[in-house]
1. How would D171, D311 rank on accessible area, largest to smallest, probe 1.4 Å?
2. Given a Förster distance of 25 angstrom, what is the FRET efficiency for A63 paired with R11, based on the Cβ-Cβ distance and rounded to 0.05?
3. Dipole of the chain (Lys/Arg Cβ +1, Asp/Glu Cβ -1, origin at the Cα centre): which of G208, A63, G230 lies farthest to the positive side?
4. How charged is the neighbourhood of C287? Take every other residue with its Cβ under 12 Å from the Cβ of C287, and add Lys/Arg as +1 and Asp/Glu as -1.
5. Treating only the Cβ of Lys, Arg, Asp and Glu as charged (+1, +1, -1, -1), what charge dipole size does the stretch 11-161 show about its Cα centre? Round to the nearest 20 debye.
6. Return a whole-number percent for the relative contact order of the stretch 249-342, with Cα pairs under 8 Å and 6 or more residues apart as the contact set.
7. Hey, got the dipole for the chain? About the Cα centre, +1 on K and R Cβ, -1 on D and E Cβ, debye to the nearest 20?
8. Where does each of Y336, Y162, Y80, Y53 land when they are ordered by accessible area, with a 1.4 Å probe and the largest first?
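The values are calculated or read from the model by the stated rules, or taken from the named source; none is laboratory data. Everything quoted here is computed from the prediction, not taken from an experiment. No Cβ is skipped: glycine too gets one built from the backbone with ideal geometry, and neighbour counts run over all protein chains shown. Remember, those area values only see protein heavy atoms, side chains included, never the ligands or the DNA or RNA. Shrake-Rupley method; radii C 1.70, N 1.55, O 1.52, S 1.80 Å.
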Amino acid sequence: MKFASYRNGTRDGQLMLVSRDLTQALAVPELAATLQEVLDDWDGIVPALEPIYAALNAGQLSAAVAFDQHLCESPLPRAYQWADGSAYVNHVELVRQARNAEMPASFWTDPLMYQGGSDDFLGPKDAIEMADTGWGIDFEAELAVITDDVPMGTPASQAGDYIRLLMLVNDVSLRGLIPNELAKGFGFFQSKPSSAFSPVAVTVDELGPAWQQHKVHLPLLSELNGQLFGKPNAGVDMTFNFAQLIAHAAKTRHLSAGAIIGSGTVSNKQGTGHGSAINEGGVGYSCIAEVRMIETIRDGKPSTGFMQFGDSIKIEMLDQHGASIFGSIEQQVVAYTEPHED
């Protein structure tokens, strides 16, 4: 099943059931007005939606409208929880190697995770508004799951049972602000502004054989300014799968229905041992910082710049037949003007 949230003047948008091929959409107000309502009563609402979804895919509903990704908020325009992991340890290893820092062995057995702001997500086509390009504006292409209620202490062997939906993520990062924040020893805040999620959130069965071991075994595509920048396979080199990430997040707390758990930047090892650019025959990268790390390790300094005003990023995942699964995140960096009193 596929879900979207259309802008309708409310904070949480209007729930839309979306056809598998992303061409048709249908509001179902008699069952649920928002996606959060579905998540709050998954076992009660989803069975009632299944025959409607089948009819929508068969083109049998006259009330259906053409699906328009540009009308979408993120599937959850705001959420009770947004915790982003770093499941691709290759990415972490590169960060530390670039600054000549040894990586603790525990990073391979204990996931990194930070708690992000979840009160104001960007829509998948919304601009990335920034006041200063000197902050080091970067995209991060990731996947995320949305969970049901997860009891505290749920082990990884059971945590996958609580996955309800998957989405794509652009976890925007301000690389120039990160070092000073981390140096305070209290984690990210200003350096992690609002994230954007794909137009559509999908149930795991929509992925077919690509969903294995709680991983998505498909390439994640990133286009920077219209040029393919990365296509790493999200199921490769994922040290911690989504079940393990959920278990980590729930170690000391309950997770409420609608909690979002991210994978971190998708990253593959290959070629040089860390990956290589698309124009070098590799799978490329899911963020600018990673190619800068490679350049620093190879050349002693980075040569690729971060995003500037007018730059654009597109993030998408295609199925085995070349069809878009989640729709696309397409954003442009624009200058933000702070409000002033009259």
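1. Ranking D171, D311 by accessible area, largest first, yields D311, D171.
2. Details: r = 25 Å, r/R0 = 1.01.
Efficiency for this residue pair is about 0.50.
3. Among G208, A63, G230, the one farthest towards the positive end of the dipole of the chain is G230.
4. -3
5. Details: 6 positive and 25 negative charges, 66 e Å.
It works out to roughly 320 debye.
6. Contact order relative to length: 14 percent.
7. 860
8. I get Y80, Y336, Y162, Y53, largest accessible area first.
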